[in-house]
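**Q** For reference, the structure I am asking about is given below.
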C-alpha cells in the first residue's frame with residue numbers, strides 16, 4: 001500500500017475537530033486512506049442500500065447506532081445526514097469522532113458550511129502525486145498517459161480499461177445525481193472539447209459554439225465537472241502592476257490520464273508528437289502543485305498571470321509574505337527563451353530571480369540566470385517545499 005502525503009495533515013485535524021471530511025473524485029483513494037489512518041474506527045458505506053435507506057428514513061436513529069468512532073463513506077449518497085451530525089458530535093464533545101468521505105465538492109461543501117461550521121476539518125484528496133509514486137520508477141510518459149488514479153497501480157489495470165469504466169460510472173452516478181442532463185452524447189462531446197483546452201483560458205462563448213449549447217449550459221456543465229473534481233479553475237493574479245490583465249480563469253483536468261483517454265490518445269508514444277503535449281505536461285505540473293498544496297493544508301494560493309499584450313506566467317504562488325513565479329515547459333532540453341516570461345515578470349513585480357522557477361520535462365535540477373530550473377521529478381522538494 002502506497003502511503004499518502006496527506007496522512008499527517010489528517011492526523012493533525014483529528015486532534016482539532018470532531019468531524020474530519022475527506023473529499024475528492026471517485027477512485028482517488030478516499031476509502032483506503034480513511035481506513036488506513038483511522039484503522040480502529042467502525043466503517044459504514046452509504047453505498048450499501050440497507051445503510052443508506054436507514055440513514056435516509058431515520059437519521060437520528062441511524063446515528064444512535066454508532067456511539068463510538070466511525071467512518072461514514074460516500075456521504076453524498078445521504079447529504080441530509082450532515083445536518084444531524086452537529087448535535088451528535090456536540091453531545092459527545094470529542095475530537096476525531098467521525099470521518100466522512102464524499103465525491104461531490106460543491107454540494108457537500110454547501111451542506112458542511114451550513115450545518116457543521118467550526119466542527120469539521122476538511123482535506124481534499126486528488127489522485128497520487130509523482131512523489132508518492134516515486135518507488136514505481138515510472139517515466140514521465142508513463143505518468144502522463146496512465147494518469148495517477150490509485151487502482152491503475154494497485155490493481156494493475158490497463159489505463160484504457162480503467163478510464164472507459166470510470167467515465168461510464170461517473171456519468172451514471174455523479175452526473176445524474178448532481179444534475180439531470182438529458183443528452184449525454186452532448187455532455188460527452190463537451191468533456192472532449194474541454195479536455196482539448198486543459199491548461200488554457202476558459203472562453204465560454206467559443207466552447208458553447210463548438211458544442212452547440214448555450215452560454216448558460218456551458219456554465220452549468222462546468223459546475224457539474226467541478227462539483228465532482230474532474231476539473232478545477234486557476235484564477236488570474238490580480239495584483240496591479242500598471243498592466244491590464246486578463247479576467248478569464250484557466251481550466252485544468254485533475255488527471256492527465258483522463259485527458260489522454262478522452263482525446264483518443266491510445267499509446268504513450270503518441271504524446272511525443274501530439275499538438276497538446278505542452279498543455280498536457282502543464283496540466284501534470286499544475287496538478288502536482290495543487291496536490292502538494294492540498295496535502296499540506298492549502299497554505300498558499302495558486303494563480304496565473306497574463307496581460308493584454310500576451311505577456312504571461314504559467315503559475316504565481318502567493319505564500320503571503322513571499323511570491324514565486326513558475327514557468328512550465330515540456331521539453332527535456334532547456335533553451336534560453338524559456339526564461340523570457342520569468343525575467344519579464346520578475347522585473348515587473350520586483351520579485352527577485354531566486355524566487356523564479358522553470359519546471360521542465362527533464363530530470364536534472366540546477367540554477368541558471370540566477371533562477372531555479374526544476375526537473376519534473378523534483379517539484380515537491382525543489383519547489384513546493386520552498387514555497388510552503
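The values are calculated or read from the model by the stated rules, or taken from the named source; none is laboratory data. Please read all numbers here as calculations on a predicted model, not as lab measurements. Backbone-built Cβ (ideal geometry, glycine too); neighbour counts: all protein chains shown.
**Q** Could you tell me which numbered condition residue 332 fails, if it satisfies all but one of (1) at pLDDT 95 or above; (2) within 22 Å of the chain's Cα centre (by Cα); (3) outside any helix (DSSP H, G or I)?
**A** (2)
**Q** Select the helices (runs of 4 or more DSSP H) contained entirely in region 181-287, then report the ones holding at least 3 residues which are crowded, with 22+ Cβ neighbours inside 10 Å and in contact with a helix residue (DSSP H, G or I) (Cβ under 9 Å, 6 or more places away or on another chain).
**A** Hits in region 181-287: 184-195, 215-227, 256-262.
**Q** So, one more: So which of 27, 76 ends up being under 28 Å from residue 257 (Cβ atoms), modelled with pLDDT under 90 and surrounded by 15 or more Cβ atoms within 10 Å (Cβ to Cβ)?
**A** Values: 27 fails: modelled with pLDDT under 90.
After applying the criteria, what remains is 76.
**Q** Return the total of residues in region 319-329 being at pLDDT 95 or above and surrounded by fewer than 16 Cβ atoms within 10 Å (Cβ to Cβ).
**A** 0
**Q** For region 359-376, which residues satisfy the criterion of being within 14 Å of residue 288 (Cα to Cα) and either in a strand (DSSP E or B) or modelled with pLDDT under 95 (or both)?
**A** 359, 360, 374, 375
**Q** Just to be sure before I move on: is residue 298 within 24 Å of residue 7 (Cβ to Cβ) and either free of Cβ contacts under 8 Å to residues at least 40 places away in the same chain or part of a loop (DSSP other than H, G, I, E, B) (or both) in the structure I sent?
**A** yes
**Q** Of the numbered conditions (1) within 25 Å of residue 23 (Cβ to Cβ); (2) assigned to a loop (DSSP other than H, G, I, E, B); (3) in contact with a strand residue (DSSP E or B) (Cβ under 7 Å, 6 or more places away or on another chain), residue 317 fails exactly one; give the number of that condition.
**A** With (1) within 25 Å of residue 23 (Cβ to Cβ); (2) assigned to a loop (DSSP other than H, G, I, E, B); (3) in contact with a strand residue (DSSP E or B) (Cβ under 7 Å, 6 or more places away or on another chain) applied to residue 317, the lone miss is (2).
**Q** Same structure, new question: Take the residues in region 343-352 that are under 11 Å from residue 323 (Cα atoms) and part of a helix (DSSP H, G or I); name whichever of them is modelled with the highest pLDDT.
**A** 346
**Q** Being in contact with a strand residue (DSSP E or B) (Cβ under 8 Å, 6 or more places away or on another chain) and buried (at least 19 other Cβ atoms within 10 Å of the Cβ) is the requirement here; does residue 291 meet it? First the steps, then the outcome.
**A** Numbers: in contact with a strand residue (DSSP E or B) (Cβ under 8 Å, 6 or more places away or on another chain): no; buried (at least 19 other Cβ atoms within 10 Å of the Cβ): yes.
Against the criterion (in contact with a strand residue (DSSP E or B) (Cβ under 8 Å, 6 or more places away or on another chain) and buried (at least 19 other Cβ atoms within 10 Å of the Cβ)), residue 291 does not qualify.
**Q** Of all residues in region 294-317, which are buried (at least 19 other Cβ atoms within 10 Å of the Cβ) and more than 23 Å from the chain's Cα centre (by Cα)?
**A** none
**Q** Which condition breaks for residue 175 when tested against (1) under 30 Å from residue 359 (Cα atoms); (2) part of a helix (DSSP H, G or I); (3) free of Cβ contacts under 8 Å to residues at least 60 places away in the same chain?
**A** Here residue 175 clears every test but (1).
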